Amino acid sequence: MNILAIESSCDDTSAAILTDQGIQSNIIASQSIHLQFGGVVPELASRAHQKTITQTVKQALEESETSLDEIEAIAVTQGPGLLGSLLVGICFAKGLALSRNIPLIGVNHMDAHIYANFIDHQPEFPLIALTVSGGHTQLVYVKSPFDQEIIGETRDDAAGEAFDKIGKLLGLPYPAGPHMDRLAKEGDPTFHKFPQALLHEGLDFSFSGLKTSVLYYLQDKDEDWIQEHLNDICASVSFAISEVLVKKLKRAIKQTGVNTVLLAGGVSANSMLREKSRKMAEEMGVQLYSPKLSYCTDNAAMIAITGKMKADLGQIDDLDLVPFSSL
Ligand code: KG4
Ligand code: ZN
């Protein structure tokens with residue numbers, strides 16, 4: 001089945017083509033307009049999606065050397081995400097599905113982060129997914145495709161949000177996660193011990209205390225000192241975040257007895273998290289999968305593979321599909 005997938009839930013407009021031979025193209029147009037505001041401005045995001053979506057889809061078709069006539073279904077992000085942004089992708093997808101008379105498949109963005117791991121691998125069920133993005137931090141027990149339960153989640157900020165907000169305090173551009181990752185590689189993770197909240201309790205997370213702790217820590221430091229120790233601070237913050245994530249993941253593995261774990265979402269690109277998870281999985285004798293870097297952050301290839309998995313189960317939508325920002 002040849003699938004055209006569209007993702008527009010936040011500030012990346014993306015289109016991908018999936019055929020029986022795998023992902024053929026995955027075009028991502030990132031919106032730079034938000035940089036000056038230090039975060040995503042929803043109204044500007046929807047407008048930028050409208051401007052770029054046609055070109056992004058065209059480019060995905062061209063790069064995959066697929067014609068529109070060969071597309072047999074359209075998969076599109078239904079939510080969660082920014083309502084206006086989702087609306088642009090869904091309206092475009094509906095129009096195309098209607099005019100081509102082909103099925104429409106609505107995809108949950110968080111599911112898609114998990115199933116991004118199935119683009120290049122065939123992980124075995126049941127499994128635990130650690131889904132860490134800018135808006136979510138969840139431990140998901142997945143019994144079989146789409147039969148899943150959230151067994152742990154953040155009570156306040158998401159892990160990516162923590163990276164972004166702390167990075168902003170340090171003067172880094174938005175999104176700060178990748179910058180902190182890069183700087184942390186040159187720093188000492190034991191430079192300062194930041195708090196690791198809820199470490200000894202259950203499977204839920206909390207990151208807002210860490211953000212406040214960094215704020216207080218920086219209060220009596222001058223700009224020169226911060227710049228001089230930027231790598232060490234980034235490494236120490238990355239240590240605190242990744243340590244909690246991996247310890248909770250380990251606890252979830254012990255509680256459920258699964259043999260397979262997946263990393264998912266934008267923060268799964270983080271090198272310290274990937275390395276710590278790799279070591280933990282090796283120690284525990286479980287199989288660990290993480291998406292290749294271009295499939296970690298928002299992309300349409302993950303929407304395509306998830307759409308395909310839904311289509312295989314007969315889960316097709318119709319033109320009544322509506323965006324659902326808190327899906
Ligand atoms: O999944 P994603 O692209 O969008 C959402 O669904 O939210 O995740 C974006 C988040 C941002 O908070 C970004 O800072 C974070 O993922 N991120 C990282 C890295 N790459 C992206 N955080 C830490 N280290 C990274 N290498
Ligand atoms: Zn995402």
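The values are calculated or read from the model by the stated rules, or taken from the named source; none is laboratory data. Bear in mind that the values here come from a model prediction, so they are computed numbers and not experimental data. Virtual Cβ from ideal backbone geometry, glycine too; neighbours counted across all protein chains shown.
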Problem - Identity of the residue in region 289-325, farther than 16 Å from residue 268 by Cβ and in contact with a Gly (Cβ under 8 Å, 6 or more places away or on another chain), that ends up surrounded by the most Cβ atoms within 10 Å (Cβ to Cβ) - result: 323
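In this structure, is residue 262 crowded, with 21+ Cβ neighbours inside 10 Å, on the phi < 0 side of the Ramachandran plot and either charged (D, E, K, R) or within 16 Å of ligand 2 (Cβ to nearest atom) (or both)?
For residue 262, the condition - crowded, with 21+ Cβ neighbours inside 10 Å, on the phi < 0 side of the Ramachandran plot and either charged (D, E, K, R) or within 16 Å of ligand 2 (Cβ to nearest atom) (or both) - is met.
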Handout entry: Those residues of region 1-39 which are touching a residue at least 40 places away in the same chain (Cβ under 8 Å), within 14 Å of ligand 1 (Cβ to nearest atom), small (Gly, Ala, Ser) and touching a strand residue (DSSP E or B) at 6+ places or on another chain (Cβ under 8 Å), in sequence order
Key = 8, 9, 14
Problem - Within region 196-220, tally of residues that are more than 27 Å from residue 149 (Cβ to Cβ) and either in contact with a strand residue (DSSP E or B) (Cβ under 8 Å, 6 or more places away or on another chain) or surrounded by 15 or more Cβ atoms within 10 Å (Cβ to Cβ) (or both) - result: 5
Practice task
Go through (1) in contact with a Phe, Trp or Tyr (Cβ under 6 Å, 6 or more places away or on another chain); (2) in a helix (DSSP H, G or I) and name the single condition residue 226 misses.
Solution key: (1)
Problem - Yes/no for residue 274 being in contact with a helix residue (DSSP H, G or I) (Cβ under 9 Å, 6 or more places away or on another chain), of a type in the set (Lys, Arg) and not in a loop (DSSP other than H, G, I, E, B) - result: yes
Practice task
Pick out the one residue from 130, 170, 96 that is in contact (Cβ under 8 Å) with a residue 60 or more places away in the chain and not assigned by TED's automatic domain parsing to the domain that holds residue 262.
Solution key: 96
Practice task
Among the helices (runs of 4 or more DSSP H) lying completely within region 89-196, list those that include at least 1 residues that are within 15 Å of ligand 2 (Cβ to nearest atom) and in contact with a Ser or Thr (Cβ under 8 Å, 6 or more places away or on another chain).
Solution key: 109-115, 159-169
